1. Answer yes if at least one residue in the stretch 95-103 is modelled with pLDDT under 95 and either more than 19 Å from the chain's Cα centre (by Cα) or more than 22 Å from residue 186 (Cα to Cα) (or both), and no otherwise.
2. Quick one: which helices (runs of 4 or more DSSP H) sit completely within the stretch 1-114 and have at least 3 residues that are farther than 25 Å from residue 219 by Cβ and either free of Cβ contacts under 8 Å to residues at least 12 places away in the same chain or in contact with a strand residue (DSSP E or B) (Cβ under 6 Å, 6 or more places away or on another chain) (or both)?
3. When residue 156 is evaluated against the numbered criteria (1) farther than 26 Å from residue 186 by Cα; (2) at pLDDT 90 or above; (3) surrounded by fewer than 20 Cβ atoms within 10 Å (Cβ to Cβ), which criterion, by number, is the only one it fails?
4. Looking at 27, 40, 52, which one is crowded, with 17+ Cβ neighbours inside 10 Å and over 29 Å from residue 128 (Cα atoms)?
5. Residues of the stretch 1-24 being at pLDDT 95 or above, buried (at least 17 other Cβ atoms within 10 Å of the Cβ) and closer than 19 Å to residue 181 by Cβ, which ones?
6. Output yes when any residue across the stretch 144-153 is at pLDDT 95 or above, buried (at least 19 other Cβ atoms within 10 Å of the Cβ) and under 16 Å from the mean Cα position of the chain (by Cα), and no when none is.
7. Take residue 192 and tell me if it is farther than 27 Å from residue 148 by Cβ and modelled with pLDDT under 95.
């Protein structure tokens, strides 16, 4: 076994990706409205960031609103926007108390000026926090991110025939400067990543707990982190 494999067998994750799936199904199973499922999902998110801190994970990237979510009912979209902007602004004291820095990735230009201002405010107010960097993907799609990255490189370069490297693309992505996810957790039992960080997740360890997002328990989260540390990551070797 190489030193690299040994090191990654015992080291904890630097970055965890989260696909918080199942809010609507959780609500339907209880005779509740979808918006109540998303509210429960946000409360779970507040717990999970604390679990990540307890597990000494410095980065957490979570799917908040995908480019495909625009096809959902307007009432549900409005609630998701409320969680992304107003609710998180209200919770700034919580994030500061926990030492959590908030960053948003995705094509934020499609949001209203009010929502964009709210996102900028949360990023500004929490910019000095050091315990956990919590990244929220908003109006994010993996293919869209890659298209925007390529177009950014084309705009920045006068010589369009110059070879573009993997490092160039990595540096042009929304996640530039943020570690790739060592592991990705998708709740609800669905075993796909649905356009979540396709470039960054090529070596991510995948976990698919069968519970809906609001039902995820601390023991399950910590158990997946422990299992990650028992796995041998070979990175194609």
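1. Here is the first cut: in the stretch 95-103, the ones modelled with pLDDT under 95 are none.
Scanning the stretch 95-103 turns up no residue that is modelled with pLDDT under 95 and either more than 19 Å from the chain's Cα centre (by Cα) or more than 22 Å from residue 186 (Cα to Cα) (or both).
2. On the way: elements: 3-10, 23-29, 34-54, 74-82, 92-98.
Result: 3-10, 74-82.
3. Failing condition for residue 156: (2).
4. Working: 40 fails: over 29 Å from residue 128 (Cα atoms); 52 fails: over 29 Å from residue 128 (Cα atoms).
Criteria check complete, one pass: 27.
5. Result: 13, 15, 16, 17, 18, 19, 20, 21.
6. Just the residues of the stretch 144-153 that are at pLDDT 95 or above, to begin with: 144-149.
If we keep only those that are buried (at least 19 other Cβ atoms within 10 Å of the Cβ) as well, we get 145, 149.
Okay, now just the ones that are also under 16 Å from the mean Cα position of the chain (by Cα), so 145.
Yes; the residues of the stretch 144-153 include at least one that is at pLDDT 95 or above, buried (at least 19 other Cβ atoms within 10 Å of the Cβ) and under 16 Å from the mean Cα position of the chain (by Cα).
7. Working: farther than 27 Å from residue 148 by Cβ: no; modelled with pLDDT under 95: yes.
No.
The values are calculated or read from the model by the stated rules, or taken from the named source; none is laboratory data. All values derive from a computational prediction rather than experimental measurement. Heads up, the Cβs are rebuilt from the backbone with ideal geometry, glycines too, and the neighbour counts pull from every protein chain shown.
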